[in-house]
1. Could you check, for the stretch 94-103, whether at least one of its residues is β-branched (Val, Ile, Thr), under 27 Å from residue 44 (Cα atoms) and in contact (Cβ under 8 Å) with a residue 60 or more places away in the chain?
2. Is there a residue being acidic (Asp, Glu), touching a residue at least 40 places away in the same chain (Cβ under 8 Å) and in contact with a helix residue (DSSP H, G or I) (Cβ under 7 Å, 6 or more places away or on another chain) anywhere in the stretch 104-120?
3. Output yes when any residue across the stretch 129-141 is loosely packed, with under 13 Cβ neighbours inside 10 Å, more than 25 Å from residue 59 (Cβ to Cβ) and of a type outside the set (S, T, N, Q), and no when none is.
4. Out of the residues in the stretch 48-69 meeting the condition of being among the small types (Gly, Ala, Ser) and surrounded by fewer than 15 Cβ atoms within 10 Å (Cβ to Cβ), tell me which one is nearest to residue 101 (Cα to Cα).
5. Checking residue 125 against (1) of a type outside the set (A, V, I, L, M, F, W, C); (2) under 19 Å from residue 49 (Cα atoms); (3) in contact (Cβ under 8 Å) with a residue 60 or more places away in the chain; (4) part of a helix (DSSP H, G or I): exactly one of these is not met. Which one?
6. Starting from the stretch 148-170, keep only residues that are without any contact (Cβ under 8 Å) to a residue 40 or more places away in the chain and within 13 Å of residue 128 (Cα to Cα), then list their pairs with residues that are polar (S, T, N, Q) and surrounded by 14 or more Cβ atoms within 10 Å (Cβ to Cβ) whose Cβ atoms are within a distance under 7 Å, requiring at least 6 positions of separation or different chains.
7. Which one of the conditions (1) surrounded by 11 or more Cβ atoms within 10 Å (Cβ to Cβ); (2) touching a residue at least 60 places away in the same chain (Cβ under 8 Å); (3) more than 15 Å from residue 162 (Cα to Cα) does residue 75 fail to meet, given that it meets all the rest?
8. Of the residues 107, 99, which is surrounded by fewer than 15 Cβ atoms within 10 Å (Cβ to Cβ) and outside any helix (DSSP H, G or I)?
Amino acid sequence: MNMQTSGSPILRMLSIPAILCVMMLSSCAEEYYVYGVDDVEITPVNSTKDKPKTHAQYISILYANMFQKAIGPNQMLQALNAIESIGDKQVAYDMLVSKYMNDPEVKIPTVESMRADPETFVRETYKRFLVRQPTEAELQWMINYIDSRPAVTPELIFFSFATSNEHAHY
């Protein structure tokens with residue numbers, strides 16, 4: 001049998017590894033994807049409220065939230081004297097809220113209206129006391145809280161909002 005061979009055997013032996021190297025380098029290139037994602041700083045909803053209200057501001061806003069009208073000068077002076085006579089500011093605020101809650105002129109929704117439409121009650125309470133809309137998580141948590149606790153009343157919800165840390169800051 002007469003076979004013609006092209007090139008020398010050494011050249012053939014070197015061409016096989018060269019072909020394999022070329023194949024390995026050109027195949028299976030890993031692809032990298034770059035997405036345009038910017039860093040975002042996530043802060044709590046009330047993180048911009050970092051300045052404490054003065055006693056006069058707190059009393060005035062609390063009175064307006066509870067009675068839906070402005071406080072008179074004599075009532076303001078009495079409330080200021082009461083707060084300044086107590087050493088612990090939070091205790092003084094709690095006592096003032098309790099005093100206002102027991103006033104027959106306070107404007108608080110009924111239990112029936114709160115239970116009939118808890119979402120509206122929660123949204124209006126956030127707007128009234130914290131001057132903002134609740135986040136979806138806050139809204140759902142409050143609705144679930146109201147629905148799961150038959151003993152909770154609008155007075156308790158109002159008291160918790162009026163004495164919250166967010167309400168004491170602007």
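Where a number appears in this text, it was derived from the coordinates with a stated rule and is not lab data. Just so we're clear, the structure is a prediction, and the values are computed from it rather than from any experiment. Note that we place each Cβ from the backbone using ideal geometry, even for glycine, and neighbour counts take in every protein chain shown.
1. Step one: of the stretch 94-103, the residues β-branched (Val, Ile, Thr) are 97.
Then keep just the ones that are under 27 Å from residue 44 (Cα atoms); that gives 97.
When the remaining residues are screened for being in contact (Cβ under 8 Å) with a residue 60 or more places away in the chain, the result is 97.
Yes, there is a match, as at least one residue in the stretch 94-103 is β-branched (Val, Ile, Thr), under 27 Å from residue 44 (Cα atoms) and in contact (Cβ under 8 Å) with a residue 60 or more places away in the chain.
2. no
3. Yes.
4. Out of the qualifying residues, it is 64.
5. In the conditions (1) of a type outside the set (A, V, I, L, M, F, W, C); (2) under 19 Å from residue 49 (Cα atoms); (3) in contact (Cβ under 8 Å) with a residue 60 or more places away in the chain; (4) part of a helix (DSSP H, G or I), residue 125 misses (3) alone.
6. Close Cβ pairs (under 7 Å, with a partner that is polar (S, T, N, Q) and surrounded by 14 or more Cβ atoms within 10 Å (Cβ to Cβ)) amount to 161/125.
7. Result: residue 75 passes all but (2).
8. 107 is the lone residue from the list that is surrounded by fewer than 15 Cβ atoms within 10 Å (Cβ to Cβ) and outside any helix (DSSP H, G or I).
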